[in-house]
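The values are calculated or read from the model by the stated rules, or taken from the named source; none is laboratory data. This one's a predicted model, so the numbers in the text were calculated from it and none came from an experiment. Note: ideal-geometry Cβ built from the backbone for every residue, glycine included; neighbour counts use all protein chains shown.
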Amino acid sequence: MIIIMEIQLVKVESSGDYAKVKRLYRTTFPVYERIPVSILYRNRNKDCAGFYSIYDEGNWVGLIYLLEGRDMIYIWYLAVNKSNQSKGYGGAVLEKVKHDYPDKAITLAVETLREDAPNFEQRKRRKAFYQRHGFESSGYTTNLKSMSFDLLVFGGEFHPESFKSLTREFGGKFLGDAAAYFKGKMITKN
């Protein structure tokens, strides 16, 4: 059986889904991975940021938060609501982003695989999912608070300076310089 999806990304403020998106965001991502949703929402209209509801034929599926730079797209957050998980939506959204930005490297972060991590199996599955969709290691890691994340890339080369510039454009010193939010070096070569 072939399932055809008509994925659409609709700006959160246009969709009227802010409450649903906020709830999904808060229940999907652990506290240590979350930027305050008020900052995401406030910065959604910057030239570099997009906060979207994901729809399939009029049905709300989830959320995606993108940062767009000159030569890269950073998928900061992607979440599918529970009732639509394991139905191919995550992969379909990745394919949509690849289709919409064919000339840009698409980057995202996954928790670094550590066998002693309590969610090691989940981390393995998550990384394998992105690899099945063509993402490869960029050779770089970023640190968020006390967590380490591997940066994966599709469709181009990862440029650390572009990443730093994009996060700085989005959040100024709060994110770009990592003074208060990140500990240690923001990006390190593996």
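Residues in the range 27-46 that are of a type in the set (D, E, K, R) and in contact (Cβ under 8 Å) with a residue 24 or more places away in the chain: 33, 44, 46.
Residues to consider are 32, 77; find the one that is surrounded by fewer than 16 Cβ atoms within 10 Å (Cβ to Cβ), touching a strand residue (DSSP E or B) at 6+ places or on another chain (Cβ under 7 Å) and within 21 Å of residue 148 (Cα to Cα).
Just one listed residue meets the conditions, 32.
The requirement of being farther than 23 Å from residue 44 by Cα and among the β-branched types (Val, Ile, Thr) is not satisfied by residue 107.
Tell me the residue from 86, 165, 148 that is within 26 Å of residue 37 (Cβ to Cβ) and part of a loop (DSSP other than H, G, I, E, B), please. Give the steps one after another, and end with the answer.
Numbers: 165 fails: part of a loop (DSSP other than H, G, I, E, B); 148 fails: part of a loop (DSSP other than H, G, I, E, B).
Testing whether each residue is within 26 Å of residue 37 (Cβ to Cβ) and part of a loop (DSSP other than H, G, I, E, B) leaves just 86.
When only residues in the range 68-83 that are in contact with a Gly (Cβ under 8 Å, 6 or more places away or on another chain) and part of a strand (DSSP E or B) count, which is farthest from residue 30 (Cα to Cα)? Quick ask: steps written out before the conclusion?
Residues of the range 68-83 in contact with a Gly (Cβ under 8 Å, 6 or more places away or on another chain): 68, 71-72, 78-81.
Remaining after also requiring part of a strand (DSSP E or B): 68, 72, 78-80.
Values: 68: 24, 72: 26, 78: 13, 79: 12, 80: 15 Å.
Step by step, filter the range 68-83, then rank; the result is 72.
Does the range 50-60 include one or more residues that are in a loop (DSSP other than H, G, I, E, B) and either modelled with pLDDT of 95 or more or at negative phi (or both)? Within the range 50-60 (the criterion being in a loop (DSSP other than H, G, I, E, B) and either modelled with pLDDT of 95 or more or at negative phi (or both)), the answer is no, since none of the residues qualifies.
Being farther than 22 Å from residue 56 by Cβ and free of Cβ contacts under 8 Å to residues at least 60 places away in the same chain is true of residue 125.
Scan the range 95-138 for residues that are assigned to a helix (DSSP H, G or I), surrounded by 12 or more Cβ atoms within 10 Å (Cβ to Cβ) and either touching a helix residue (DSSP H, G or I) at 6+ places or on another chain (Cβ under 8 Å) or among the small types (Gly, Ala, Ser) (or both) and report the count. Give the steps one after another, and end with the answer.
Keep residues of the range 95-138 that are assigned to a helix (DSSP H, G or I), which gives 95-100, 120-132.
Subsequent filtering for residues that are surrounded by 12 or more Cβ atoms within 10 Å (Cβ to Cβ) retains 95-98, 100, 120, 123-124, 126-127, 129-131.
Filter once more, so that each one left must be either touching a helix residue (DSSP H, G or I) at 6+ places or on another chain (Cβ under 8 Å) or among the small types (Gly, Ala, Ser) (or both): 129-130.
Number satisfying all stated conditions: 2.
Could you identify the single residue in 170, 158 that is in a loop (DSSP other than H, G, I, E, B) and either surrounded by 17 or more Cβ atoms within 10 Å (Cβ to Cβ) or in contact with a His (Cβ under 7 Å, 6 or more places away or on another chain) (or both)? Steps first, please.
Numbers: 170 fails: in a loop (DSSP other than H, G, I, E, B).
Going through 170, 158 in turn, just one is in a loop (DSSP other than H, G, I, E, B) and either surrounded by 17 or more Cβ atoms within 10 Å (Cβ to Cβ) or in contact with a His (Cβ under 7 Å, 6 or more places away or on another chain) (or both): 158.
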